[in-house]
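The structure appears below as structure tokens.
The values are calculated or read from the model by the stated rules, or taken from the named source; none is laboratory data. Please read all numbers here as calculations on a predicted model, not as lab measurements. FYI the Cβ positions are ideal-geometry reconstructions off the backbone, even for glycines, and counts take in every protein chain you see. Ligands, DNA and RNA are stripped out before the accessible areas are found, and what is left, the full protein with its side chains, is counted by its heavy atoms. Shrake-Rupley method; radii C 1.70, N 1.55, O 1.52, S 1.80 Å.
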Amino acid sequence: MQPSTPPDWRPVAFKEWQLISDAIASGEQSVILRKGGISEGKAGFQWIHDRFFLFPSLFHEQPVQVTPLPDGTLRAFVPREGLAEDDVVFSVYIETVAMGRITDWEEVLRLAPYHIWREEIVRERYEWGDEPGLSWAAVRAWELEEPWILKDRATFGGCRSWFGLPADEGGDWRARLAAAREIAPRCGLPDWLI
């Protein structure tokens with residue numbers, strides 16, 4: 001099955017850790033959890049889009065904040081060869097299956113098989129702010145065989161989850177999406193939430 005984008009859809013990106021993006025691309029993760037960033041506004045994080053590209057963000061603490069690989073080694077980001085330092089690679093496209101907010105810690109724990117974050121990191125996010133809870137989305141994902149590569153820019157920065165992408169740059173993103181491979185989530189989906 002190919003992704004479905006309305007003819008008038010303008011591409012948007014959702015900022016997510018590189019290692020989480022990799023886990024979704026490998027089928028190891030099918031749920032995204034979010035508390036919200038500093039720049040999310042007074043209402044906090046909202047699932048304002050039901051389809052988006054993943055913007056892979058990097059920071060050096062990621063490997064210790066996610067579960068290790070099955071052999072016990074820390075996960076590592078493997079950079080693509082032949083890219084300029086200011087290239088941003090969009091290779092995973094997402095459509096949400098269901099989304100919502102969880103305020104019960106026991107329900108959050110039930111999501112553990114569907115993501116790679118360590119429990120203490122999830123707990124920290126859950127407890128952050130005035131009210132405990134997390135926003136979640138169960139997702140279907142596709143991997144672009146030929147990534148859509150854009151140059152980094154100021155509008156991609158900041159502590160916010162969403163931003164628009166320049167549809168007229170980096171080649172034909174629609175053709176890349178039409179040729180994308182659907183990723184089967186090896187971990188399944190949280191049926192009780194869908």
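Scan the stretch 164-194 for residues that are under 15 Å from S91 (Cβ atoms), within 19 Å of the chain's Cα centre (by Cα) and not charged (D, E, K, R) and the total you get is 5. Screening L83 against (1) of a type outside the set (F, W, Y); (2) more than 18 Å from S30 (Cβ to Cβ); (3) not in a loop (DSSP other than H, G, I, E, B) leaves a single unmet condition, (3). Considering only residues in the stretch 86-108 that are touching a residue at least 12 places away in the same chain (Cβ under 8 Å) and part of a loop (DSSP other than H, G, I, E, B), the one that is least open to solvent (accessible area, probe 1.4 Å) turns out to be D86. Hey, could you check the stretch 56-80 for residues that are part of a strand (DSSP E or B) and at pLDDT below 95 and say which is farthest from E169 (Cα to Cα)? That would be S57. Scanning the stretch 3-30 for residues that are at pLDDT 95 or above, assigned to a loop (DSSP other than H, G, I, E, B) and open to solvent by less than 30 Å² (accessible area, probe 1.4 Å) yields P11, G27, Q29, S30. Taken residue by residue, the stretch 31-41 has at least one member that is part of a loop (DSSP other than H, G, I, E, B), buried (at least 19 other Cβ atoms within 10 Å of the Cβ), at pLDDT below 90 and on the phi > 0 side of the Ramachandran plot.
Tallying residues that are open to solvent by 40 Å² or more (accessible area, probe 1.4 Å) and in contact with a Leu (Cβ under 8 Å, 6 or more places away or on another chain) within the stretch 59-75 yields 2.
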